[in-house]
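Here is the structure we will look at.
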């Protein structure tokens, strides 16, 4: 597995991964266009991909302008291999070098994604009008959690 910064040439494969997921699916796949992804990669933030044999199998994108996680998805065939955890780490390590502002994200309640984020140290701070839960990570919490996960890497091996 290779982890690297996402490039515009990766967008097509990133979209395939986005549409393969079983949770947090889009009601209409056309809602997130290639130009939307390009905008987040080049203007609003930064992204990372995980490749296996030159195929993107997971990706993450963080929005440093609005202080939120825009995307973190792993092809279900590659789930529970640590890909999401590594993409998450790359994303938050970079984000908190750019700003000390807390970061938020939304995800569907009672899902593997919610459990994953909880295990990574995210704190539930409310709900969005669409029913998603709102989670937050501060820089201080991230640094503590990252150090903990480094010492005890198997603590969340199933996610």
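The values are calculated or read from the model by the stated rules, or taken from the named source; none is laboratory data. These figures come from a predicted structure and were not determined experimentally. Using ideal geometry, Cβ is built from the backbone for each residue, glycine included, and neighbour counts are taken over all protein chains shown.
For this structure, a couple of remarks:
- Region 100-115, residues that are in contact (Cβ under 8 Å) with a residue 40 or more places away in the chain and surrounded by fewer than 20 Cβ atoms within 10 Å (Cβ to Cβ): 108, 111, 112, 115
- Output for region 92-122, where each listed residue is in contact with a helix residue (DSSP H, G or I) (Cβ under 7 Å, 6 or more places away or on another chain), modelled with pLDDT under 95 and in a helix (DSSP H, G or I): 116, 119
- With respect to (1) surrounded by 13 or more Cβ atoms within 10 Å (Cβ to Cβ); (2) over 20 Å from residue 137 (Cβ atoms), the lone exception for residue 22 is condition (1).
- Hits in region 128-156 - residues which are at pLDDT below 85, surrounded by fewer than 11 Cβ atoms within 10 Å (Cβ to Cβ) and either part of a loop (DSSP other than H, G, I, E, B) or within 16 Å of the chain's Cα centre (by Cα) (or both): 152
- Residue in region 52-62 that is free of Cβ contacts under 8 Å to residues at least 24 places away in the same chain and either part of a loop (DSSP other than H, G, I, E, B) or more than 25 Å from residue 1 (Cα to Cα) (or both) present: yes
- In this structure, residue 87 does not satisfy being in contact with a helix residue (DSSP H, G or I) (Cβ under 6 Å, 6 or more places away or on another chain), modelled with pLDDT of 95 or more and assigned to a helix (DSSP H, G or I).
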